[in-house]
Amino acid sequence: MIRERYLNALTLALFVAIPFWAITADEPFTITLMTRAVVFAIAAVGLNIALGLGGLVSLGHAVFFGLGGYAMGILAYHAQNYTALTEWPFLIEGTKSMPVIWLAAIVVSSLAALVIGILSLRTAGVYFIMITLAFGQMFFFFAISWAEYGGEDGLSIYVRNGFPGLNTLDPIQFYGLCLGLLCLVLLFAWRLSGSPFGLALNAARQVPVRVETAGLDPVRLKLVAFVLSGAITGLAGALFADLNRFVSPTMFSWQTSGEIMIFIILGGVGRLFGPVVGALVFVALEHWLGGLSDFWHIYLGLLLLVIVLFGRGGLIGMLCGREAVHD
Amino acid sequence: MKFVTLAAAAALAIGLSSANAEPVKVGMITTLSGGGAGLGIDARDGFMLAVKQAGNKDLEVIVEDDQRKPDVAVQLADKMIQSDKVDVLTGIIWSNLAMAVVPSVTAQGKFYLSPNAGPSALAGKGCNPNYFSVAYQNDNLHEAAGAYAKEAGFKKTFILAPNYPAGKDSLTGFKRYYRGELAGEIYTKLGQTDYAAELAQIRASGADSVFFFLPGGMGISFLKQYADSGIDLPVVGPAFSFDQGILQAVGDAALGVKNTSQWSKDIDNDANKAFVESFKAEYGRLPSLYAAQGFDTANLLLSAMAKADVTDADAFRAALEAADFPSVRGKFSFGPNHHPIQDIYVREVIKEGDVYTNKIVGTALSDHGDAYSDECSM
Amino acid sequence: MTDAVLQTSGISKSFGALRASRDISIDLKPGEIHAIIGPNGAGKSTLIGQICGTLKPDSGSVHLLGKDVTHQPTRARARAGLGRTFQISSLSMEDTVLQNVLLGALGASGRPWRFFSNVLKDTSLRETAEEALARVGLLDQARMRTAELSHGQRRQLEVAVALTQKPKALVMDEPMAGMGSEGSKLLTGFLDQLRHEAPILLVEHDMDAVFSLADRISVLVYGEVIATGTVDEIRANAAVKEAYLGDEA
Amino acid sequence: MSLILLIEQVLNGLQFGIMLFLMAAGLTLIFGVMGLINLAHGSLYMIGAFCAAAVAAATGSFLLGLIGALAGAAIAGALVELVVIRRLYTKDHLDQVLATFALILIFSEGTRWIFGSFPLFLNVPEFLSGPVTLPGGIEYPLYRLTLIAVGLAVAIGLWLLISRTRLGVQIRAGENDREMIAALGIDIARLYTIVFALGAALAGLAGALVGAIQSVQVGMGEPVLILAFVVIVIGGIGSIKGALVGAILVGLTDTLGGIFLPEFLKLFLDPSTATSIGSSLASMAIYILMAAVLILRPAGLFGARA
């Protein structure tokens, strides 16, 4: 059994070491793959706040991933065509600046999470899973038929958006940017889990009636968790869109929601680094298994089954055992 | 370590001795798993057949599965360009994937030869000197269907397509050449499998004919239900719903339907006959439109390789523009925006023994280019 | 009557044909322990639910510190000073003892919307929490996982959580259930002191505890209060004897 | 819009809804008795269609194909239950979602591995093909009428099964109180396998029946699966009656919404905008319906427990 914090440190070390190796070995694509893993990890860290801490099994987080993506797509599309997003009630122009795009992604997905959360949290259990799924489908079909922004074809952005002081087209610089954001998000998630809010949310997941008796509103706690969660997943969506320089309704599909959830389960639910380990392993599997056989989904499916059936607590749970009591 | 160096040197020596041109590396990104895998597999098989027949050792092909996901396709393109250092990319079936991949590929100075998708955005303002559509511009087959409908004297056609960009382009393409009146115009849900409601509308509309564009499983469902509904109007559509791969699943319901295609297995020329025979011999099935497009794409590439070195982009581009290869379609040349100028035929679905297939019954449009080349400046 | 801390006025509640509460009016005065006894199925849990806000009465009203709280949710009543312990333990078992108590303190502080600060380093919350643990004698177990506590210790923890809220009235649902005689004795002594801080509405099966602690007793049978009085009055009440204590007498 | 067209569209919505019911009934039964969310239910639908197509192609008989579909899906269901599903009953919903998601991957690619990437052929049998004329001069495909009849027959059969048979008593006991069935001496493991196989057979039947007028291809199950979930959530999870009502509601909303929304919007907007917005709204209509039902009644129309 390894101590969880050593495993976490090792994971972070891998995220630094592998790209360095890739540069020296002239394998730039490995950096792209690692960027993909980092972006997925951010999305899953976001979901983990709702799922792991709040116990909200959301099968609709693709909504926020997609909204983040479209926030990037739409802003950059207007910037590259020199058209205004809207002229009424006030002029909004497109932009190719990442910080602005991130802000837009976070704001839009938070608002969506607020509305979806208010409606969905009236239900619980299976119904919650299903209503979030339904919201995901709503956005998916809307995006498909939204001809102005490419509908099913999606939107291509020819040049990656810019970040002051960096050349984002250089894979390693963009990777560094994403990794930096992942670290920030992890820091946030870590502080959150030990904060007064985290304590209350944790209790709201396990014994909502107790939280109520303590004078707090468990539903409101969960709603705030859902909004924070959606905002982070939205940020990941914007990064994902920039990684691919492309957005499409696929980002809204329920399979995307499922995949984000898979990252968490693979790594370990409620563990700080669960989503990170899960995303890294998933991207590696996708890459290697995809090269092995046309039918690689079978192997992926079998592996997932084994982990769900026999591996309590995901990969981290298998390696580190039960979660330690934190001080 | 020493051994490795020696081996590498030997390999280099062999490489140099067997060819006078630089080897060309091709990355093929296509759909090999999931729902639309049949199309990608056909395109790949057609492409590889031509490569095999040419026996050109300087051509190396890397094939990867995009799972019909745009983000995977983009990632594969990055990998092929960054890691595998490919010179040319090809293989994408779906327009939305092409839109995701092609602009960034050409922006990085690589060539892209499209064996199927030809979205209008890449034919007009978004055209690029390094992008060639070897199949068609997306509107072409629909325009031909419109031309056929005019020719056949249809006065009141009911038209329908899925509610997504290619569907809208399709109806626009049809209307560009059709001169009659429309009995109705419907956009269906993408991926819809039940068309009872649409059939009822067709029945009630007083139409004298039906045009539909419903690729893949949607078309199969529509045709089966159409045949079962008792509506007895002539149907016309682009080749996609009548292709070799899916006709067997439609069965009798498709018999007699007219469809438009730039290729058919009975086009009378030597290249085509040889292609159909060798494809059957190699894979044990009849080739499809996608297989033919893959085959032509590979032969176009091979013809350019014979004329120019891929490292000399301008010369290689000129060699591609010349399109100096025996197309299975017969006459074939590129317009100013690197999209085909070719004949588009009207085919009819027939049954040969136990197998459903198509035969040519006429030509809808001759030497047909596309509507967007004026917008292209290159 | 006006000085009652907690008061129900004629509350009734039915589930379909079952009338679980019939016109119940009871009150809790400062400094007293008011025990509710009754056979299983008498409607004690339903009564507690309506007092604490998890159930809404069909008719009648609930007053806390003179204010009508009938239509307020549980958390509002909690914030107004109503503490509660549960019959079936509702602690978060995965967490430490300290974390459970901190939740109570956090609720009382009314400031859960802090996302970055470490809750364990919040001195005021921590002082409240540790003081409550010390009072029930669980301070040494603060770092233990709640699941590792003995049954009796969990009961003590329940009380500690309620104490962090500095309640003005306490509703305790069978705090002695499942405790050994030693533990019961200790807790009895503790509650005896506690009544001066906050009056207690005590639902309990342990008759020794009830008779030694209660200032007043109400007897609930079939959703109805058949008698209210001092220990002696209840012991002497014929109706009670018949309905409830019958087989003991 | 003529009355005939309207009636025809209502019939279409009804038929669509009744096919959804076949899917949803199994799903809701499995959830009600075992408390399991089964995302792989769509795969059993696909297996039914593929079995029917394979058997019909080999024997030339559509009816044998249907029997093949029932048997194939039931066997696949029982096997999956024995190997995988029974390990999931004690796990939480999250694990169930993931494990059955994994099953989808395995089933889809496995089917493609066995049957290839091209759609299979399955057609309406000769004696059911073509339209019939209904009173009022409505021409309607006989096969679709048959689907409505079969679906209603299955609904009645299910109702009889649950209300009149020993198995039904056990199922109802399982829905209400798991400990009670153990106390009654019922072999709970066997009951679960039977219920799961029954649900699978219903899905397989739906797949085969629908496969004859649609495309028998890999991935055909997932869109239907999502619709079936929408149905049981609207109806209330665990309730067969809810599944029937929900299915018909969804069928009618989807069919009629697609026609009337664009027409309705044409009153306010120019035709092409109306068509475009109307189609978009129509494709979202059932999800909007579901969200609305859940917001008003968080446990669905006939749901007992939230």
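The values are calculated or read from the model by the stated rules, or taken from the named source; none is laboratory data. None of the values given here were measured: they were computed from a predicted structure. Here Cβ is always computed from backbone atoms with ideal geometry, including for glycine, and neighbour counts include all displayed protein chains.
Observations, loosely collected:
- Those residues of region B:1-45 which are of a type outside the set (Gly, Ala, Ser) and at pLDDT below 85, in sequence order: B:Met1, B:Lys2, B:Phe3, B:Val4, B:Thr5, B:Leu6, B:Leu12, B:Ile14, B:Leu16, B:Asn20, B:Glu22
- Region A:133-149, subset part of a helix (DSSP H, G or I) and farther than 13 Å from A:Gly66 by Cβ, residue farthest from the other protein chains (Cβ to nearest Cβ): A:Glu148
- Consider region C:75-89 and keep the residues that are touching an Asp or Glu at 6+ places or on another chain (Cβ under 8 Å) and small (Gly, Ala, Ser). The one that is surrounded by the fewest Cβ atoms within 10 Å (Cβ to Cβ) is C:Ser89.
- When A:Gly194 is tested against the conditions (1) surrounded by fewer than 24 Cβ atoms within 10 Å (Cβ to Cβ); (2) more than 7 Å from every other protein chain (Cβ to nearest Cβ); (3) in contact with a Leu (Cβ under 9 Å, 6 or more places away or on another chain), the lone failure is (2).
- Only one of the numbered conditions (1) away from chain A (no Cβ under 14 Å); (2) without any contact (Cβ under 8 Å) to a residue 40 or more places away in the chain is violated by D:Leu281, and that is (1).
- One residue stands out among those in region A:308-327 that are at pLDDT 75 or above and at the interface with another protein chain (Cβ under 8 Å from one of its Cβ atoms): the one that is surrounded by the fewest Cβ atoms within 10 Å (Cβ to Cβ), which is A:Leu309.
- Subset of region D:266-285 (residues that are over 21 Å from B:Pro165 (Cβ atoms), more than 25 Å from the chain's Cα centre (by Cα) and assigned to a helix (DSSP H, G or I)): none
- One residue from D:Gly238, D:Gly251, D:Gly258 being touching a helix residue (DSSP H, G or I) at 6+ places or on another chain (Cβ under 9 Å), under 18 Å from D:Asn12 (Cβ atoms) and at pLDDT below 85: D:Gly258
- Condition broken by A:Glu152, with the remaining ones in (1) under 18 Å from B:Val74 (Cβ atoms); (2) within 14 Å of chain D (Cβ to nearest Cβ); (3) in contact with a Ser or Thr (Cβ under 6 Å, 6 or more places away or on another chain) satisfied: (3)
- Boolean, B:Gly191 is closer than 19 Å to B:His142 by Cβ and surrounded by fewer than 24 Cβ atoms within 10 Å (Cβ to Cβ): no
- Of all residues making up region B:199-253, the number that are more than 8 Å from chain D (Cβ to nearest Cβ), acidic (Asp, Glu) and in contact (Cβ under 8 Å) with a residue 24 or more places away in the chain: 2
- Given (1) within 7 Å of another protein chain (Cβ to nearest Cβ); (2) buried (at least 24 other Cβ atoms within 10 Å of the Cβ); (3) among the small types (Gly, Ala, Ser), index of the condition D:Gly219 fails: (2)
- One residue stands out among those in region C:193-215 that are surrounded by 14 or more Cβ atoms within 10 Å (Cβ to Cβ) and among the acidic types (Asp, Glu): the one that is nearest to C:Ser45 (Cα to Cα), which is C:Glu204.
- Checking every residue in region D:242-251 against the condition of being in contact (Cβ under 8 Å) with a residue 40 or more places away in the chain, surrounded by fewer than 21 Cβ atoms within 10 Å (Cβ to Cβ) and within 14 Å of chain B (Cβ to nearest Cβ) gives zero matches.
- Selection from region A:227-285 of residues that are within 14 Å of chain B (Cβ to nearest Cβ) and farther than 27 Å from A:Ile157 by Cα: A:Leu285
- The set of residues in region C:111-153 that are assigned to a loop (DSSP other than H, G, I, E, B) and within 27 Å of C:Leu64 (Cβ to Cβ) comprises C:Arg111, C:Pro112, C:Trp113.
- Filtering C:Leu139, C:Leu133, C:Leu102 for residues that are more than 10 Å from every other protein chain (Cβ to nearest Cβ), crowded, with 18+ Cβ neighbours inside 10 Å and among the hydrophobic types (A, V, I, L, M, F, W, C) leaves a single hit, C:Leu133.
- Residue match in region B:334-355 (condition: crowded, with 24+ Cβ neighbours inside 10 Å and closer than 25 Å to D:Ala57 by Cβ): no
- Single unsatisfied condition, C:Ser59 versus (1) more than 12 Å from every other protein chain (Cβ to nearest Cβ); (2) surrounded by 23 or more Cβ atoms within 10 Å (Cβ to Cβ); (3) free of Cβ contacts under 8 Å to residues at least 60 places away in the same chain: (2)
- Number of the condition not met by D:Cys51 [criteria: (1) surrounded by fewer than 19 Cβ atoms within 10 Å (Cβ to Cβ); (2) within 21 Å of A:Ile298 (Cα to Cα)]: (1)
- Qualifying residues in region B:46-78 (those that are in contact with a Lys or Arg (Cβ under 9 Å, 6 or more places away or on another chain) and part of a helix (DSSP H, G or I)) - the one modelled with the highest pLDDT: B:Ala77
- The residues of region A:108-132 that are more than 12 Å from chain D (Cβ to nearest Cβ) and without any contact (Cβ under 8 Å) to a residue 60 or more places away in the chain amount to a single one, A:Leu111.
- Candidates B:Ala313, B:Ala304, B:Ala292: the one that is more than 14 Å from chain D (Cβ to nearest Cβ), without any contact (Cβ under 8 Å) to a residue 60 or more places away in the chain and aliphatic (A, V, I, L, M) is B:Ala304.
- Residue in region B:144-182 that is farthest from B:Met99 (Cα to Cα), counting only those that are of a type in the set (Ser, Thr, Tyr) and within 14 Å of another protein chain (Cβ to nearest Cβ): B:Thr172
- Taking the conditions (1) more than 13 Å from the chain's Cα centre (by Cα); (2) among the charged types (D, E, K, R); (3) assigned by TED's automatic domain parsing to the domain that holds C:Asp3 in turn, C:Asp173 satisfies each one other than (1).
- Annotation: of all residues in region D:222-241 being farther than 27 Å from D:Leu82 by Cβ and within 12 Å of chain B (Cβ to nearest Cβ), the one that is surrounded by the most Cβ atoms within 10 Å (Cβ to Cβ) is D:Leu227.
- Put simply, of B:Lys258, B:Lys265 the only residue that is away from every other protein chain (no Cβ under 13 Å), within 18 Å of the chain's Cα centre (by Cα) and of a type in the set (Lys, Arg) is B:Lys265.
- Strands (runs of 3 or more DSSP E) lying entirely in region C:154-221 (those with 2 or more residues that are among the aliphatic types (A, V, I, L, M) and farther than 29 Å from C:Thr96 by Cβ): C:216-221
- Residue satisfying all of: in region A:155-174; more than 10 Å from every other protein chain (Cβ to nearest Cβ) and among the β-branched types (Val, Ile, Thr); surrounded by the fewest Cβ atoms within 10 Å (Cβ to Cβ) among these: A:Ile172
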